[in-house]
């Protein structure tokens, strides 16, 4: 298999983190330079019809885009450790929290960075108002997440899951604009420190 990757982009890091948690080392990595526009080339767009990273090309030539779809595929091939839940109830709870953290936390923080960082203007024009609106949305959700983490060590309960990967990667992407979560969210801060300390979290940054 072959993974088309971009070191500093958040969605490819989700896949690298999952690969590291599962000790997957037999996937070829191909770097795509977004700043140089390689993702817009006819060759790359021809893989899936879109200029999105990451893309995983499977052994039979199927090209998969969308980071969570790729992570689910890897979960099916490499089921241990389980990051999507081993039984129906756990799967549903993890799916619920994964959608929540992606919609209300990760995506808004990504948009905040994309519309605020001057260097990213080569990808799309800066829109400070859009960036500020999305940051406010993410910080409102962080308060709810802090309450969840007061009762559980991880986002979806007692075990580390894909929901944690999506949430941490979203928050960490904010480092490009020197963003830090608001002070006073003690449970979120504890969880973030625990997740960042995982060996797989550090390995997922190795190419960045």
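The values are calculated or read from the model by the stated rules, or taken from the named source; none is laboratory data. For clarity, every value in this text was computed on a predicted model and none was experimentally measured. No Cβ is skipped: glycine too gets one built from the backbone with ideal geometry, and neighbour counts run over all protein chains shown.
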In segment 155-167, which residues are closer than 12 Å to residue 188 by Cβ and in contact (Cβ under 8 Å) with a residue 40 or more places away in the chain? 155, 167
Number of positions in segment 82-104 that are part of a helix (DSSP H, G or I) and in contact (Cβ under 8 Å) with a residue 12 or more places away in the chain: 10
Look through 172, 164, 194 and report the one residue that is assigned by TED's automatic domain parsing to the domain that holds residue 101 and in contact with a strand residue (DSSP E or B) (Cβ under 6 Å, 6 or more places away or on another chain). 164
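Might you check whether a residue that is outside the structural domain of residue 105 (by TED's automatic domain parsing) and part of a helix (DSSP H, G or I) occurs anywhere in segment 53-60?
Within segment 53-60, the subset outside the structural domain of residue 105 (by TED's automatic domain parsing) is 53-60.
If we keep only those that are part of a helix (DSSP H, G or I) too, we end up with none.
Within segment 53-60, none of the residues are outside the structural domain of residue 105 (by TED's automatic domain parsing) and part of a helix (DSSP H, G or I).
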Among the residues of segment 61-76 satisfying the criterion of being farther than 11 Å from residue 18 by Cβ and in a helix (DSSP H, G or I), which is farthest from the chain's Cα centre (by Cα)? 76
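Going through segment 23-47 one residue at a time, which ones are assigned to a helix (DSSP H, G or I) and surrounded by fewer than 16 Cβ atoms within 10 Å (Cβ to Cβ)?
If we filter segment 23-47 for residues that are assigned to a helix (DSSP H, G or I), which is where we start, we get 38-40, 42-47.
Those that are assigned to a helix (DSSP H, G or I) and surrounded by fewer than 16 Cβ atoms within 10 Å (Cβ to Cβ): 40, 42, 43, 45, 46.
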